[in-house]
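To start, the structure itself, in structure tokens.
The values are calculated or read from the model by the stated rules, or taken from the named source; none is laboratory data. Please read all numbers here as calculations on a predicted model, not as lab measurements. Glycine also receives a Cβ, built like all others from the backbone with ideal geometry; neighbour counts cover every protein chain displayed. Heads up: the accessible areas ignore ligands, DNA and RNA and are worked out on the full protein's heavy atoms, side chains in. Shrake-Rupley method; radii C 1.70, N 1.55, O 1.52, S 1.80 Å.
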Amino acid sequence: MKNPVMQSKLQFPRSGKKMIPRSRLLDQTCHFSDKKITCVVAPAGYGKTTFAMQFAKRASIPCMWYHLDRTDNDPVQFYQYLTAGLEKVIPGADLESPVMDDEEISPENRREFLLNSAVCELEKKSSDGLLLVFDDFHLISEPEILRFLERLITCLPPFVHAVLACRYLPDINLLRLRASGLVQEVGQRDLAFSRQEINALFDMNDISPASGGAMERLRNTMDGWPLGLAVLKFYRNFGDLKEEAVSEKSQKELFHYFLNDLMNDLPGELRSFLIRTSVLEELTPKACDFLLDSGHSAGFLSRLEQINLFMTASGGGGELSFRLHPLFREFLLTQLSDGKSSAYERAGRFYESRDFFEQAIPCYFSAGLDGLAAKCIEKSALFLLSQGKVSTVEHWMRHLGEKGFPDTPGLILARGALFSYKGNFVAAEPWIDRAMKLYCGGKNPAAMYWLTIHKARILRYRSSFQESLNLLDSLSMDSKEIPFEYRMEAAGEIIYSLWLSGNVVRAIETAERAIAEAKSHGKESGARTVNRLLAYMAVLYYNQGEYTNALLYYQSALKANGWNYDALEFHSVNLFAAWIERERGDPEKAISMMKESVGRKKRLGFTEDLHLLYYNMSLASHDLHDELAARLYMDLALQSFRDSGGSLEHYTEMMEAIRYTIFSDSFMDFDTAEKMLDSCVQKLTRKKDSLLLYSSFHFAVAYLRIGRREKAKSYLELPLKMSRQTGLKQFVALLSGLMANILISEGEEAAALPFASVSIRYSAAEQYVQTYLTFPEMRPCLRLAIENEIEPDFCHRLILRLGPQAEPQLIELLKSPKEPIRLKAAEWLIQQGGPVSLLEILFYDSSEAVREKAFAFLRSGAIPDHLRRPMYVRCMGPFEAFSAEDWERPLKWRTAKAKELFSYLIHWKGRPVPTERILGDLWPDASPEKGRDLFHTNLTYIKSILKRCGLEDSLNKTQPGYWLDPSRIVCDSWLLESGELLYCRGKSNGLYLEDVYSDWPAEKRSGLEARFSDPV
């Protein structure tokens, strides 16, 4: 079954023999080279279509004419007709390629092609100019179409011009174009006939004005209304026209008044023909002959065209057709009384005989023949739904429901199909179950086949993957009784269930076989199936962790589907493309893509996977440290899962557990968190499905964060084994990285190295970046990889992306016994501009080459103001002090006691120390007099050093004692205590003041050692 195109909707109207030229208005508007759009907006009967015809003829350039009606609010139909219209007028347009042929691909798949490819074709092949006329544009109310046209008009090349003819302008935003002066507007006042044009109309039709005040009142009441004035050319009784006949009448009332007289003047056979055929939107000889059971309609239409009776003729290409003016048709329908129902029935039968079901069904409804409409719905619903015409079918089903029409087996099937295609499986299931009972027994094998597919889909949605596969295994993939489309839909469902059960390799093999069969099937439906299977392949390779292949298939699927993102929403391919952007380090772009995907899914009614989008938006928000948004999106994920009828208890518990243990600013109490995690782990471990893999990383992180390292290690074993068996590289990389972290924390670096190597190698191959940026639990394996020179380029890029977050790993590398590794770590620290890390290098590294890297950076003056001080002091390890003017050499002290006294004052960090305490701590064995002499002598030496460093005012004496001003000195132990210095997070480079053998530093030495001894 194909979607037929009524060519009359795309034919340029033919002008009548007598038409008032609108020269005045055309002179004002036809110089439109600096405009993008002309809006012709006026009430009915003001000659909008006539003016647009004259406008197009005056422009003398090719014109695409699209006569819109209410059925064009279906986006699929709109894109279908717009594509056909563009193909007619763009010379050599590359729109009829095998991918875009209307026999091969759903018209739904053309939207982005029209916006991107068609604009390119316009730029290349319409340089001489082109008009795009949308007649009766006010009949369009579908937001998707209006938004599309906004974008299309904005993107039109300079030599392409759009014309919108409408009674009122729908909700289309032209503010920016208006502000840029790109819109010209023709309104009711412009279209109203001037007195000269009224006289021309009367002269052209030999009308003599009536005497008295009747004609003047007629002129005033019509107020330049072209249609109302045009009716006068048929009126021959002006001599008898009385003033009271036209007084107090509205324009429309006057129009009907004159039409009534006009119809009485027509020959009886023409009058009857017009009234009886007014049920048709398009008057063609064949349609009228069928309706009237006559063979003379062509002659009647020709006679009516000669007298130019409110009919617009569409010519060129195919059968001639006519449209009645809406007000004239409205009048004629009021004249059709007793025969209206039978006329609509005959019209419906005509459309049905030509498979124009979308025209036939409204006719049957108008005739009150819901039974015939229902039969047409039964014939066409599955096909129309597969083409994406969900809103059209939904409107029909709602109409039947409101009329209380009884459900037949075919309608039950159609209702189940409607809900299933919308992803509302809770509503779909009872209808599908009822239909399966009615169709069982082999009466309609194709219907039963389709129902089995969708029943399996419901089971798959509930994560009963094996039950779904068992049901699908009962279907024959080779039966000639079953339509090819159904067999390919079954293949798609098998692929989905295999993937979700963790068997991605078999799913890919199944998809490849299905693609081969679809290609060999031929162009009728094979290409459309290939396009859908390309989308499946993109999803499968994403889940395989092969992002490069996934993106290749994603681009192929988009191209094959006419660059239409909507066409991929049913398979959630856009979600996975967004997630690749997230994994490769761009969570902001991922969130933006997923927000657009949410909007498309809601608009299209594909709500099945909304919870997955919200769940992944939550993860991406967590990447950006936006915990409020992360929790909000996780709440939305849970709610949408429940709203769609999700009954998977452990799936809901999984999201709850992740929300409370990963995405919370603070944990619930650890015992409650542990119980929640344990419950989910037990259920997921029993199921052993893909949810176990998807949740395993976050659950292991959660266990680590609540201090349950052994549980994390034990839990990782099964999903790690499953991911290796199924070849899911992404999960192998992530879970191996966590296992490496656990082993490193246990001091088992040799055992951790193979896990770290696998994690880094897989991550480098497919650019898994974001997890390292978000989760510090992944970073210890990065240090091992750098130290063992595994994927150095990837590690370097990752270090640069991590920025300051990489410092803990780089500080650890500064302690490596390998000088080249320390040199590389120093270089990366310096590239990041980490000034505190420079102090680490200068204070603690034993390599001259490594220290020289830091010296060079300091000499460049790059150290920031808050760390620019006259003196730098090292207390961790042997005590040393450096002048900012000479970092290469530590300051030399006159005596060892002067050095110890200075370290003592540094130790107290600006707090006054009484002289007696200083003497007791530094000279405990000397007499008071001797001690004071030694103290003042060494104090003099310290003052000399401070003066050389520009710190002569830093040593102070107050009533309590002596103290050293810390504001102009940088000291490593001070930075360490404040958390600015990351040294000592693991192996120590030295104890606090380790070359001071007195007792006074012992307490602080022990405290620092205990505080920083555990790397976790």
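At a Förster distance of 60 Å, what's the computed FRET efficiency of ARG948 paired with GLN639, Cβ-Cβ distance as r, to 0.05? Calculated transfer efficiency: 0.30.
Sorting CYS155, CYS288 on solvent-accessible area from highest to lowest, probe radius 1.4 Å, gives CYS155, CYS288.
A simple spin-label model places pseudo-atoms 7 Å from Cα toward Cβ; at ARG189 and ASP678 they are separated by 8.1 nm. Note: relative contact order over the stretch 417-466, using C-alpha pairs below 8 Å and six or more positions apart, is 30 percent.
Between LYS595 and GLU1009, the contour length at 0.36 nm per residue exceeds the Cα-Cα span by 144.1 nm.
Identify, among THR284, MET311, GLY299, the residue whose Cα sits farthest towards the positive end of the charge dipole of the stretch 266-336, taking +1 on the Cβ of Lys and Arg and -1 on the Cβ of Asp and Glu, with the dipole about the Cα centre. Farthest along the dipole direction, towards plus: MET311. By the compact-protein rule of thumb, 2.2 N^0.38 Å, the alpha-carbon radius of gyration of the stretch 767-817 corresponds to a ratio of 1.03. For TRP499, the accessible area of its heavy atoms, probed at 1.4 Å with every protein chain present, is near 20 square angstrom. Taken over the stretch 713-792, the ratio of Cα radius of gyration to 2.2 N^0.38 Å equals 0.98. Counting only protein heavy atoms and using a 1.4 Å probe, the accessible area of LYS403 comes to about 110 Å². Seen through its C-alpha gyration tensor, with square-root eigenvalues sorted a ≥ b ≥ c, the stretch 266-336 comes out rounded because a/c lies under 1.5. Rounded to the nearest Hz, the phi-derived 3J(HN,Hα) couplings of the stretch 799-805 under the Karplus curve 6.51 cos²θ - 1.76 cosθ + 1.60 (θ = phi - 60°) are 4, 5, 5, 5, x, x, 5, where x marks glycine and proline. Amide H contacts for TYR962 (H built 1.01 Å from N in the peptide plane; partners 5 or more residues away or on another chain; cut-off under 5 Å): VAL913, THR915.
Going by accessible area, probe 1.4 Å, with all protein chains left in place, what is the ranking of ASP190, ASP135, ASP338, largest first?
I get ASP338, ASP190, ASP135, largest accessible area first.
The relative contact order of the stretch 266-336, computed from alpha carbon pairs under 8 Å that lie at least 6 residues apart in sequence, is 35 percent.
The calculated FRET efficiency for SER23 paired with GLU885, based on their beta-carbon distance and R0 = 51 Å, is about 0.05. Per-residue extension of 0.36 nm, minus the Cα-Cα distance of ARG58 and ASP793, leaves a gain of 258.1 nm for this segment.
Full extension of the segment from GLU467 to HIS138, taken as 0.36 nm per residue of separation minus the current Cα-Cα distance, would add 113.4 nm.
Going by accessible area, probe 1.4 Å, with all protein chains left in place, what is the ranking of LYS124, LYS818, largest first?
These residues rank, largest area first, as LYS124, LYS818.
Exactly which GluC sites (Glu not before Pro) in the stretch 452-522 are in a DSSP loop and have at most 10 other Cβ atoms within 10 Å?
Listed in order of number, the matching sites are GLU481.
Spin-label model, HIS936/SER353: points 7 Å from Cα along the beta carbon direction are separated by 12.9 nm. Annotation: ARG709 carries an accessible surface of approximately 80 Å², with a 1.4 Å probe and no ligand, DNA or RNA atoms counted. Between ALA1002 and ARG506, the distance separating the two model label sites (each 7 Å from Cα on the Cα→Cβ line) works out to 7.0 nm.
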